[in-house]
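The values are calculated or read from the model by the stated rules, or taken from the named source; none is laboratory data. Computed from a predicted structure; not experimentally measured. Cβ atoms come from the backbone with ideal geometry, glycine included; neighbour counts cover every protein chain shown.
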Amino acid sequence: MVAPDAELYPIAGIREHQFAVRFSFALGLRSYGFHLYMHSSRDGAILRRAANFSQCHQIHRVKSTTSHKRATLYCPMFVTHLECSACGDQHECSRLQNLCLTCGKPLFAMVDLAAASQTLKRETLATRKKSLWRYCEVLPLPGDVEPVSLGEGGTPLVRAEKFGDDIDLWIKDESVNPTQSFKARGMSVAVSMAKHLGATKLAVPSAGNAGGALAAYAARADLEAHIFMPRDTPQANIIECRELGAHVILIDGLITDCGAEIARRKAKEGWFDMSTLKEPYRVEGKKTLGYELAEQFNWRLPDVVLYPTGGGTGLIGMWKAFNEMEVLGWIGKKRPRMFAVQATGCAPIVRAFEARERNAAEILDAHTIASGLRVPKAIGDFLILNILRQSNGGAIAIDDEEMIHVTREVGSSEGLFVAPEAAACFAALKSLRSAGKIGSGERVVIFNTGSGIKYLDCYQDQ
Ligand SMILES: Cc1ncc(COP(=O)(O)O)c(C=O)c1O
Ligand SMILES: [Zn+2]
């Protein structure tokens, strides 16, 4: 595996005396079959809490692949349970779960941040390898289970040289992830958990990039992947999934039709549904976007984030990360103004935002070349809309022609061939700037969520 290895935590803990003592203690107890330790020796409050940790609170084993003395390092994990994002009901995290059993809304993994903060420190992060698993204490992988990893996360944050004009513009380049999109983050964590919790066959509806990521991580984990895609998904995504050994089923319809087909067949086929926000861990992988952003900006969040929004998982994940980091004492109360960028042909969030609605009505004739934005109904719509409002941000729709046009502008000025979803954010920046919603000198981040290379069909005749 690529990460984590001992380089990921290059003996940061071992050089520090305290850490070394705690590691030894953990090792000692673990060999007698205990699973709650380390912090309990130092902190009475955590000792009390430890009794409730049940199966969720275990230890990560990370094998050393270097010449360092210690063979094994441990990364404690502090997810305690799952909590419904709508009704607050609690669910166990020790078995496969999809949606809240009470109200059918998304579940979130809850992290004991007080306990996590004992080993997860801002200062020691710098010594860990650039990978999303550097934040392992706030990720949900239990026990001595190795993550299913292909080297995801730790992506560059690149300063725009020309496109930003009078804006302090930064591009978080997610196209360098495995399978060339940010979907790798969610799938690394979700496939790791699904495998650990006993799933053998994974199914996902996908606009393209999520399918490619699931296919890769499932292959790596030796699990079956069943990927349902609209027939007009970019060729590159379809071919990629097949070459990664997945079962690909093309559907005449939209991603919602793909999801419905999985829902119809999953019980009979024994598939675990990996739809975004319909299982609790893809959003955990995506939240590392927020952790990385804060870390790369030296713990000062930008003024504005422009995020290409389909299901909204990255936006929701980042917001969760910001809240967690505030509890950890890493950042203050200030949040970026979060903007959801959608396509004119499929803009349910924009429509609901403008109409001041709590949920977004389904778009019936959804169409756009930005396949990742062709999501007519998102299960986390109420969460997205809350974030946009709480952050004093907004929602904006861009048409396909503009995306195509801006792609070349970004490419020729910044040297990045961005996905059309990201191109929509660059176009949105121009509009928001002219509308005075972004001011001169403000620090803005755009997520280049994927590579333009996957969308050659869209650019062929331009
Ligand atoms: C390149 C790209 N950008 C953005 C999105 C939308 O992501 P989210 O579901 O987090 O809103 C997708 C989803 O497929 C995508 O592939
Ligand atoms: Zn609920």
Residues located in region 178-199, provided they are farther than 14 Å from residue 284 by Cβ and not in a loop (DSSP other than H, G, I, E, B) = 178, 179, 180, 181, 195
Return only the number of the condition from (1) under 25 Å from residue 459 (Cα atoms); (2) at pLDDT below 95 that residue 256 does not satisfy.
-> (1)
Please determine, by comparing only the residues of region 94-114 that are away from ligand 2 (no atom under 15 Å from the Cβ) and not acidic (Asp, Glu), which one is surrounded by the most Cβ atoms within 10 Å (Cβ to Cβ).
-> 111
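Look at residue 353 and say whether it is touching a residue at least 24 places away in the same chain (Cβ under 8 Å), in a helix (DSSP H, G or I) and surrounded by 15 or more Cβ atoms within 10 Å (Cβ to Cβ).
Details: touching a residue at least 24 places away in the same chain (Cβ under 8 Å): yes; in a helix (DSSP H, G or I): yes; surrounded by 15 or more Cβ atoms within 10 Å (Cβ to Cβ): yes.
In short, yes.
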Conditions (1) more than 16 Å from ligand 1 (Cβ to nearest atom); (2) among the polar types (S, T, N, Q); (3) in contact with a helix residue (DSSP H, G or I) (Cβ under 9 Å, 6 or more places away or on another chain): number failed by residue 98 | (3)
Cβ pairs under 9 Å, 6+ apart or interchain, first in region 82-101 and under 18 Å from residue 197 (Cα atoms), second within 16 Å of ligand 1 (Cβ to nearest atom) and among the small types (Gly, Ala, Ser), ordered by first then second residue, are 98/275; 100/85
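Restricting attention to region 399-411, does a residue exist that is assigned to a helix (DSSP H, G or I), farther than 18 Å from residue 458 by Cα, in the same structural domain as residue 339 (by TED's automatic domain parsing) and in contact with a Gly (Cβ under 9 Å, 6 or more places away or on another chain)? Break it down into steps so the answer makes sense when it comes.
First pass over region 399-411, keeping only residues assigned to a helix (DSSP H, G or I): 400-411.
In the following step, the residues that additionally are farther than 18 Å from residue 458 by Cα were identified as none.
Taking every residue of region 399-411 in turn, none turns out to be assigned to a helix (DSSP H, G or I), farther than 18 Å from residue 458 by Cα, in the same structural domain as residue 339 (by TED's automatic domain parsing) and in contact with a Gly (Cβ under 9 Å, 6 or more places away or on another chain).
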Determine whether residue 152 is part of a loop (DSSP other than H, G, I, E, B), within 18 Å of the chain's Cα centre (by Cα) and closer than 26 Å to residue 93 by Cβ.
-> yes
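Would you check if there is a residue in region 313-326 being within 16 Å of ligand 2 (Cβ to nearest atom), surrounded by 20 or more Cβ atoms within 10 Å (Cβ to Cβ) and of a type in the set (Val, Ile, Thr)? Walk me through how you get there before you give the answer.
So the first thing to find is which residues in region 313-326 are within 16 Å of ligand 2 (Cβ to nearest atom), and the list is 316.
From what is left, the residues that are surrounded by 20 or more Cβ atoms within 10 Å (Cβ to Cβ) are 316.
After this cut, where a residue has to be of a type in the set (Val, Ile, Thr) as well, the list is 316.
For region 313-326, residues within 16 Å of ligand 2 (Cβ to nearest atom), surrounded by 20 or more Cβ atoms within 10 Å (Cβ to Cβ) and of a type in the set (Val, Ile, Thr): present.
Tell me the residue from 441, 415 that is in the same structural domain as residue 342 (by TED's automatic domain parsing), out of contact with any Asp or Glu (no Cβ under 7 Å at 6 or more places or on another chain) and on the phi > 0 side of the Ramachandran plot, please. Walk me through it before giving the result.
Values: 441 fails: out of contact with any Asp or Glu (no Cβ under 7 Å at 6 or more places or on another chain).
After ruling out the rest, the residue left standing is 415.
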Kindly establish whether residue 144 is among the acidic types (Asp, Glu), under 20 Å from the mean Cα position of the chain (by Cα), more than 16 Å from ligand 2 (Cβ to nearest atom) and not assigned by TED's automatic domain parsing to the domain that holds residue 319.
-> no
Does residue 261 satisfy the criteria of being touching a helix residue (DSSP H, G or I) at 6+ places or on another chain (Cβ under 7 Å) and acidic (Asp, Glu)?
-> no
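With the condition kept exactly as written, say whether any residue in region 378-392 is part of a helix (DSSP H, G or I), among the acidic types (Asp, Glu) and without any contact (Cβ under 8 Å) to a residue 24 or more places away in the chain.
So far as region 378-392 goes, no, none of its residues is part of a helix (DSSP H, G or I), among the acidic types (Asp, Glu) and without any contact (Cβ under 8 Å) to a residue 24 or more places away in the chain.
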Selection count, region 439-462, where residues are more than 14 Å from ligand 1 (Cβ to nearest atom) and crowded, with 22+ Cβ neighbours inside 10 Å | 2
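Being away from ligand 2 (no atom under 16 Å from the Cβ) and in a loop (DSSP other than H, G, I, E, B) is the requirement here; does residue 362 meet it?
Values: away from ligand 2 (no atom under 16 Å from the Cβ): yes; in a loop (DSSP other than H, G, I, E, B): yes.
For residue 362, the condition - away from ligand 2 (no atom under 16 Å from the Cβ) and in a loop (DSSP other than H, G, I, E, B) - is met.
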Taking region 85-116 and keeping residues of a type in the set (Ser, Thr, Tyr) and within 23 Å of residue 385 (Cα to Cα) leaves 85, 102
Output the number of residues of region 157-177 satisfying the condition of being within 13 Å of ligand 1 (Cβ to nearest atom) and part of a strand (DSSP E or B).
-> 2
Qualifying residues in region 266-287 (those that are surrounded by 15 or more Cβ atoms within 10 Å (Cβ to Cβ) and over 20 Å from the mean Cα position of the chain (by Cα)) - the one nearest to residue 215 (Cα to Cα) = 271
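Tally time: how many residues in region 289-315 are closer than 16 Å to residue 182 by Cβ, more than 8 Å from ligand 1 (Cβ to nearest atom) and out of contact with any Phe, Trp or Tyr (no Cβ under 6 Å at 6 or more places or on another chain)? Show your work before the answer.
If we filter region 289-315 for residues that are closer than 16 Å to residue 182 by Cβ, which is where we start, we get 289-293, 296, 305-315.
Subset that is more than 8 Å from ligand 1 (Cβ to nearest atom): 289-293, 296, 305-306.
Now restrict to residues that are out of contact with any Phe, Trp or Tyr (no Cβ under 6 Å at 6 or more places or on another chain): 289, 292-293, 296, 305.
Count: 5.
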So which of 102, 124 is modelled with pLDDT under 90 and over 23 Å from residue 286 (Cβ atoms)?
-> 124
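Restricting attention to helices (runs of 4 or more DSSP H) lying wholly within region 228-313, give those where 3 or more residues are more than 29 Å from residue 169 (Cα to Cα). First the steps, then the outcome.
Values: elements: 235-243, 255-269, 282-296.
Of the helices (runs of 4 or more DSSP H) lying wholly inside region 228-313, those with at least 3 residues that are more than 29 Å from residue 169 (Cα to Cα) span 235-243, 255-269.
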